[in-house]
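Report on the following structure.
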Amino acid sequence: MLVDMPLEELKKYKGRNPKPSDFDNYWNSALQELNEVDPKIELVKSDFQVPYAECYDLWFTGVENARIHAKYVRPKSAPAKHPAVIIFHGYSGQAGEWCGKLEYAALGFSVAALDCRGQGGLSEDVGGVKGNTLNGHIIRGLDDPNPHKLLFRNIYLDTAQLTRIIMNMPEVDADRVGVFGGSQGGGLSLACASLEPRIKRVVSQFPFLSDYKRVWEMDLAKDAYLELKDYFRRFDPQHKRENEVFTKLGYIDIQNLVPRIEGHVRMATGLMDTICPPSTQFAAYNKITSKKELIIYPDFGHEHLPDLIDDTMQFMMGL
């Protein structure tokens, strides 16, 4: 069964979604806004504790004055300057349980896990856009005339800000920081490494948030991408603004961001993926110019990929 292009075509595919002409200025301006934010960092010791690590709720202020939450774990007996990993969760999820961070803490890593604003965790979605907020974060802010109101723009900035905060922790070696995640977390890992080029290692498992027009043309605007179909049905039923809509989504299309990455990237893709089609993932991978490897699972879709968790840990141990 073939759900997308043949592999040889995938290896050459460079994406379909239009890229806004002012894309670089857009993100340079966004980063300048981030530089001016006082994060007002707060570390609150968690009720959950273990003998060999300290567990904290980490709060900071993001762009548009939203209070953002992350979980932070640091080992008690690691060297004064040690590596760190930052974890990003799937769409609608949250930072996850403390236990999932302890395996890295046991190896001497500090670990942070973000709650994306407005999703399943404790972070704040401050809203404030014109137009619909009916369904989903991809389309949040799409009808506002200011493209800086796109919600994922702010979520991408949150990932970079959390990374900066972790890099500035006195116990962390800022030159030995990696990021990883799957699906939305895979997309956020690539976006984060694009906006914070000091990140040294990136693992992105079947990344979401790439090549929206390709998803549409494959008739796969369902599941994680359902809100694209809902948007057109409710707000542009004749597709009179189709090019405008996809061009605006190009601001938050990770394939346009990844040429900024300087770290070592490892991406894992299942060729049977109908949630985040392989071509959308290759669109991003093929534009990465830094050191990279692709791990291909020919018979797997958007699901657990055997051995990838072990492979990711071994990869991060090289920091």
Item checked: Gained length - Glu9 relative to Lys222, 0.36 nm times residue gap less alpha-carbon distance -> 74.3 nm
Notebook entry, point to check: Could you give me the ³J(HN,Hα) list for the range 183-200, computed from phi with Karplus coefficients 6.51, -1.76, 1.60 and θ = phi - 60°, whole Hz, x at Gly and Pro?
Noted result: 6, 4, x, x, x, 5, 4, 5, 4, 4, 5, 6, 8, 10, x, 6, 4, 8
Check: If you take the charge dipole of the chain about its Cα centre, with +1 on Lys and Arg Cβ and -1 on Asp and Glu Cβ, which of Gln49, Leu31, Val172 is farthest toward its positive end?
Finding: Leu31
Notebook entry, point to check: How much net charge surrounds Asp144 when only other residues with a Cβ under 12 Å from its Cβ are counted (Lys, Arg +1; Asp, Glu -1)?
Noted result: +4
Item checked: Mean shadow area of the range 267-319, taken as a quarter of the surface of its Cα convex hull (nm²) -> 3.9 nm²
Notebook entry, point to check: In terms of modelled amide H atoms, which long-range or inter-chain residues lie less than 5 Å from the amide H of Val172?
Noted result: His82
Next item on the list: Show the residues, 5+ positions off or on another chain, whose built amide H is closer than 5 Å to the amide H of Gly270.
Entry: Phe206, Tyr297
Checklist line | Cα radius of gyration and Dmax for the range 46-143 (Å) | finding: 16.0, 51
Note to self: Please compute one quarter of the surface area of the Cα convex hull for the range 7-314 and express it in square nanometres.
What the structure shows: 15.0 nm²
Next item on the list: Take the chain, connect every pair of alpha-carbon atoms lying under 10 Å apart with a spring to form a Gaussian network, then pick out the residue of Leu308, Leu102, Leu142 with the largest mean-square fluctuation.
Entry: Leu308
Margin query: For the chain, what does the helix formula give at 222 nm: sum of -39500 (n - 2.57) over DSSP H segments with n ≥ 4, over the residue count, nearest 500 deg cm²/dmol?
Written below: -8500 deg cm²/dmol
Next item on the list: Find out how many positive minus negative residues lie around His302, taking Lys and Arg as positive, Asp and Glu as negative, among other residues whose Cβ is under 11 Å from that of His302.
Entry: -3
Check: Listed highest first by mean packing, meaning other Cβ atoms within 10 Å per residue, what order do 190-199, 52-61 come in?
Finding: 190-199, 52-61
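Since every read-out is calculated from the coordinates, none of them should be taken as a lab result. Bear in mind the structure is a predicted one, so any value in this text is a computation, not a measurement. All Cβ positions, even for glycine, are placed from backbone atoms using ideal geometry, and neighbour counts span all protein chains on display.
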